[in-house]
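The values are calculated or read from the model by the stated rules, or taken from the named source; none is laboratory data. Given the structure is predicted, the values throughout are model-derived calculations rather than measurements. All Cβ positions, glycine included, derive from the backbone under ideal geometry; neighbour counts span all protein chains shown. Heavy atoms of the whole protein, side chains included, go into the accessibility calculation; ligands, DNA and RNA do not. Shrake-Rupley method; radii C 1.70, N 1.55, O 1.52, S 1.80 Å.
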Amino acid sequence: MPAPTKGMPTFYDMVRLHRVFFILSALWFVLLVFMVWQDYRREWHRYQREFRKVEMERAQLALRAAEQSPEAQKLRELRAQLRQVEQRLAAKKDEIRALERELAGLEARRYVEDQQWRFAKSERDSLRYMYEVALNENHPDVERRRRRLEEAERRVDAAFEALKALDEQIERVHQELARLTGERARIEKELQLLAGKVETLEKRLSELKPSLVNYLRDLPLLDFMVPYFQIRQVYLSDLYYDVNFRLVERADRCMTCHLAIDRPDFQEYRRQPFKAHPKLDLMVGGASPHPVESFGCTICHMGRDRGTTFVTAAHTPRDDVQKRLWQAKYDWKPMELWDDPMLPLQYAEATCLMCHQGQLWVRGADRLNRGLDLIRRAGCYGCHKIPGFEYLRKAGPSLEKIAAKTTPEWVFRWIKDPQSFRPTWMPKFFDLTNTRDEYYRRRNHVEALAITAYLFEKSQKETYPPVPVPGDPARGEQLVKNLGCLGCHTLDPQDWARTDSVSRRKFGPNLAYMGSKVRPEWLFAWLKDPKAYWHKTRMPNLRLSDQEAADITAYLMSQRNPAFEAARLPVPDESILDEIAAEQWINRMTASEIQAKLRQMSLREKLVFVGERMIARYGCFGCHDIPGFETTQAIGTELSEEGDKPIVRLDFGYQKIPHTRWDWFRTKLKDPRIFDVGREVKPWEKLRMPQFAFSDDDIDAIVTVILGLKKTNILGPTKVRRLTPREEAVWAGWRILEEHNCIGCHQIGHVGGDIRGFMQEAGIEPGLWPPVLKYEDRPGPGAKVRTDWLYQFLKAPYPIRVWLQVRMPTFGLTDEEVNTLIRAFASMDNVTYPFEEAWYQKPPQDYVAMGKVLFDKLQCIRCHIVSAQAVGAGEAAAFAPNLELVRSRLRPDWLVQWLKDPNAIMPGTRMPTYPWGETLRSLDPTIDPDPNKQVLAVRNYLLNFSAASASASTATRPALTQRTSP
């Protein structure tokens with residue numbers, strides 16, 4: 001074919017086409033280079049390069065430390081020995097190879113012989129079956145079959161003998177090889193044990209160090225194979241985002257930057273993002289209940305799961321200082337259009353509430369637990385529907401008989417400003433941010449007077465007789481401090497101030513200035529029988545004598561607040577009273593009708609009418625039983641999903657605060673009426689949430705709870721913490737323990753015993769403190785006491801340790817509550833409920849005689865009291881519980897554990913641990929040296945114990961002081 005002629009016409013101008021192609025190719029190349037450069041300088045890429053250097057440095061340091069350790073010296077010696085052994089074996093390599101070839105041949109022959117032996121056995125078994133059939137059926141061929149069976153038996157024996165001979169030859173060769181190479185095998189085994197850590201570090205270093213392989217695998221366009229630098233993520237089944245009514249599965253990429261988040265060796269590393277999670281035993285760690293592969297990060301911290309930059313991951317600073325730091329360092333700004341940015345660090349525990357439903361607290365989530373406690377104490381659930389608080393009664397006392405308890409003057413002053421009387425959980429409703437001007441100060445007076453008037457108008461008229469005996473305030477003070485009252489109460493404002501907000505000593509009201517508040521005859525009757533005044537009260541019956549109740553009444557009535565008492569009831573401003581009354585009818589009546597109705601009403605009628613409407617407006621019935629409001633619905637916003645509420649539905653008013661949920665909640669709790677500032681609103685349109693005396697820490701704790709009140713549809717069934725039947729029983733019991741504040745006095749596990757701190761400060765001897773019911777991971781009441789005894793004791797308590805002045809009260813528990821508690825204690829200790837062996841009807845008699853000998857020789861009666869004997873407080877250190885109650889009270893299995901090692905059940909107990917066995921036999925030759933029999937002997941003697949047997953004891957005891965016990 002001839003070459004194309006120069007200048008041949010074409011459809012395109014080829015020169016220009018070549019130029020365009022060249023320009024486009026150059027542009028494509030520049031863009032490719034730019035793309036690679038941009039990819040290389042991505043934020044997560046930089047973090048991974050830094051982490052690679054950090055890992056290499058740490059591995060080098062660890063390797064050097066390992067090489068300088070005694071184990072490394074031993075490793076070097078072993079390697080030197082191995083080289084010497086290898087040199088010696090090199091001279092005998094021909095002999096070793098010959099033995100190895102011989103061993104291989106023998107093992108091949110053995111395989112053949114083993115197969116022949118197995119085939120021979122199979123043939124013999126078949127012939128045996130045929131012979132047995134012929135024998136049973138009288139077959140004429142029976143003799144021939146017998147001969148064939150005998151021949152098969154001989155073949156099996158011959159094959160087995162051949163196999164056995166081969167095994168002997170193989171063993172001989174093995175022994176010969178072991179003689180030649182045994183030392184090498186021993187050294188290699190020791191090396192394998194010692195070299196693990198060093199070899200791991202060396203291997204890790206080789207992977208991290210720059211090399212041609214590492215360089216090539218991270219090159220652009222080649223990094224699709226096994227690159228070091230890559231987006232790291234975990235797909236989380238059963239964890240979702242709710243996006244436009246569609247659930248989208250989460251794919252967390254946080255570990256792309258937080259590369260050491262689940263590595264224990266980085267827990268001490270201080271620089272982010274390479275620091276490990278601080279609680280690997282609870283979170284993220286492979287052995288934790290929430291491994292990163294199953295739970296990821298964003299279900300707890302929130303934020304954007306697929307984000308790979310600091311901003312697009314939706315990080316949130318914890319305060320303004322961190323915000324300014326992030327803005328300078330990361331050019332941080334809030335991520336727009338993302339509804340769930342990362343929670344600030346102080347609120348990170350909030351999301352525990354989503355999964356851990358049905359629990360009173362979550363282990364390890366201290367701030368969340370504090371918030372839950374505060375909501376219970378402050379009674380937030382009275383106005384707001386909050387999941388998990390439905391079982392609680394109203395937080396405040398009943399006002400149905402308020403006229404019998406106190407005076408209108410006190411009630412008015414209390415309603416106006418509770419904190420001016422004493423520290424209290426009661427919030428302040430009046431003279432707040434949106435009602436502080438002169439008009440509203442006068443209006444607040446009228447509203448408070450009206451509420452007072454309504455309460456006393458509707459109060460049941462009940463009277464009490466005078467206190468029957470004169471009381472001694474000094475004795476009353478000692479009774480208040482010693483009987484256990486301070487497990488629920490604080491004594492004065494100073495005691496309240498130094499006691500933590502969630503202390504169980506703030507379960508009941510502060511006892512300051514009771515003389516300015518209540519009538520003495522009411523207080524006496526209340527102390528004698530609280531439930532006679534209000535059947536729902538949590539105040540238990542301490543079974544006080546008339547004199548004890550009179551003494552406590554005298555002491556509490558001596559505490560007064562003169563400044564509070566000095567304020568008198570103001571005269572109501574009738575014009576404002578008419579104005580408030582008119583506001584209630586403004587949408588239903590004309591102005592003339594309203595004026596006519598007001599002229600028909602007396603001042604008292606107006607006050608009662610306005611008082612009823614103000615109680616309805618402020619929701620007082622949410623915390624108190626008030627006549628006329630028995631079925632009225634709560635006034636507050638439902639908080640069941642408040643943690644998911646869109647920002648646009650939170651009214652920030654004119655307040656210059658960050659537009660985040662937590663900032664709005666925090667501001668609302670700190671100053672509930674502040675969002676009215678700058679607005680023109682009618683009195684009935686104003687915000688009405690009261691002001692609680694919360695500290696900043698308290699507010700953060702409550703905000704943590706509110707942020708955790710989220711939709712649960714983002715959790716699949718495998719992620720919600722489902723309680724087992726045993727756990728449900730335990731938590732049901734805990735609700736009763738919390739509701740009656742049993743743990744104000746008693747410690748159960750890591751919870752409770754708050755009164756012990758007061759007693760320690762007061763210098764009260766530990767022997768007089770309320771007993772610890774259960775130590776963590778040790779047997780408690782469920783394993784210790786009999787079910788029937790515990791039922792009777794909880795229904796009608798009586799003294800067990802008669803020297804204690806702290807008195808177990810009568811709570812008036814229902815049968816259902818008592819059974820729930822017993823089931824909970826049994827579930828805590830994994831013991832049978834409700835049935836158990838009726839051994840107490842006929843206690844075991846084995847070794848009882850030896851038990852009495854041991855009882856006498858060990859002088860148990862020197863510490864333990866018997867029957868109704870009692871001791872004075874000064875003798876308490878020398879005494880232990882009544883032994884006559886052992887049979888009716890204690891479980892035999894628990895007694896065995898207790899006698900063997902008391903400290904294993906109750907650390908720090910005065911009960912000695914005896915040297916069971918030969919040592920005790922030296923006390924008396926009739927004692928069996930078997931320690932188990934000795935323990936059973938003492939146990940069985942105690943189960944048969946009586947006061948008569950104690951009186952015959954050869955041991956002596958200290959003199960006893962009689963004391964009246966409850």
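Assorted remarks:
- The set of residues from segment 657-694 being surrounded by 18 or more Cβ atoms within 10 Å (Cβ to Cβ) and of a type in the set (A, V, I, L, M, F, W, C) comprises TRP662, TRP664, PHE665, LEU669, ILE674, PHE675, LEU687, MET689, PHE692.
- For first residues located in segment 722-737 and open to solvent by less than 60 Å² (accessible area, probe 1.4 Å), partners that are small (Gly, Ala, Ser) and assigned to a helix (DSSP H, G or I) and lie 6+ apart or on another chain with Cβ distances below 6 Å form the pairs ALA729/ALA824; ALA729/SER827; VAL730/ALA824; VAL730/SER827; GLY733/ALA824.
- Residue within segment 672-685 that is closer than 18 Å to HIS384 by Cα and in a loop (DSSP other than H, G, I, E, B) present: yes
- Scanning segment 21-49 for residues that are open to solvent by less than 60 Å² (accessible area, probe 1.4 Å), within 20 Å of THR256 (Cα to Cα) and either more than 54 Å from the chain's Cα centre (by Cα) or not aliphatic (A, V, I, L, M) (or both) turns up ASP39, GLU43, TRP44, HIS45, TYR47, GLN48, ARG49.
- Total residues in segment 262-289 satisfying the condition of being outside any strand (DSSP E or B), without any contact (Cβ under 8 Å) to a residue 60 or more places away in the chain and open to solvent by less than 30 Å² (accessible area, probe 1.4 Å): the figure is 5.
- Residues located in segment 884-897, provided they are crowded, with 18+ Cβ neighbours inside 10 Å and free of Cβ contacts under 8 Å to residues at least 60 places away in the same chain: VAL886, ARG887, PRO892, LEU895
- Residue match in segment 828-839 (condition: over 30 Å from PRO766 (Cβ atoms), part of a helix (DSSP H, G or I) and modelled with pLDDT under 80): yes
- LEU135 open to solvent by less than 50 Å² (accessible area, probe 1.4 Å), of a type outside the set (Asp, Glu), assigned by the TED database to the domain that holds GLU151 and in contact with a helix residue (DSSP H, G or I) (Cβ under 6 Å, 6 or more places away or on another chain): no
- Residue count, segment 600-638 (criterion: acidic (Asp, Glu), within 19 Å of ALA453 (Cα to Cα) and either free of Cβ contacts under 8 Å to residues at least 12 places away in the same chain or assigned to a loop (DSSP other than H, G, I, E, B) (or both)): 3
- Restricting segment 518-546 to residues that are charged (D, E, K, R) and touching an Asp or Glu at 6+ places or on another chain (Cβ under 8 Å), the residue that is surrounded by the most Cβ atoms within 10 Å (Cβ to Cβ): LYS528
- Condition check for ALA512: under 24 Å from SER545 (Cα atoms) and open to solvent by less than 10 Å² (accessible area, probe 1.4 Å): yes
- Being out of contact with any Phe, Trp or Tyr (no Cβ under 7 Å at 6 or more places or on another chain), open to solvent by less than 70 Å² (accessible area, probe 1.4 Å) and more than 28 Å from ARG363 (Cβ to Cβ) holds for only one residue in THR298, THR312, THR316, and it is THR312.
- Candidates are the residues of segment 780-797 that are assigned to a loop (DSSP other than H, G, I, E, B) and without any contact (Cβ under 8 Å) to a residue 24 or more places away in the chain; the one that is farthest from GLY487 (Cα to Cα) is ALA796.
- Taking the numbered list (1) within 22 Å of LYS774 (Cα to Cα); (2) buried (at least 16 other Cβ atoms within 10 Å of the Cβ); (3) at pLDDT below 90 in turn, SER949 passes all entries but (1).
- Test for ARG436: is it part of a loop (DSSP other than H, G, I, E, B) and more than 35 Å from the chain's Cα centre (by Cα): yes
- Among the candidates ARG376, ARG363, residue that is part of a helix (DSSP H, G or I) and either of a type in the set (Asp, Glu) or at negative phi (or both): ARG376
- Among the candidates ARG148, ARG154, ARG144, ARG76, the residue that is open to solvent by 70 Å² or more (accessible area, probe 1.4 Å) and under 30 Å from GLY182 (Cβ atoms) is uniquely ARG76.
- ARG436 vs. criteria surrounded by fewer than 17 Cβ atoms within 10 Å (Cβ to Cβ) and within 27 Å of PHE692 (Cα to Cα): yes
- Of note, TYR129 satisfies the criterion of being at pLDDT 75 or above and loosely packed, with under 15 Cβ neighbours inside 10 Å.
- Hey, GLU100 open to solvent by 40 Å² or more (accessible area, probe 1.4 Å) and within 50 Å of the chain's Cα centre (by Cα) or not: no
- Check on GLU565, of a type outside the set (A, V, I, L, M, F, W, C), open to solvent by 40 Å² or more (accessible area, probe 1.4 Å) and either modelled with pLDDT of 95 or more or out of contact with any Cys (no Cβ under 9 Å at 6 or more places or on another chain) (or both): yes
- Verdict on GLU918 being under 24 Å from PRO843 (Cα atoms) and either in contact with a strand residue (DSSP E or B) (Cβ under 9 Å, 6 or more places away or on another chain) or not assigned by the TED database to the domain that holds PHE793 (or both): no
- Those residues of segment 755-770 which are open to solvent by less than 40 Å² (accessible area, probe 1.4 Å) and either in the same structural domain as ARG887 (by the TED database) or touching a strand residue (DSSP E or B) at 6+ places or on another chain (Cβ under 9 Å) (or both), in sequence order: PRO770
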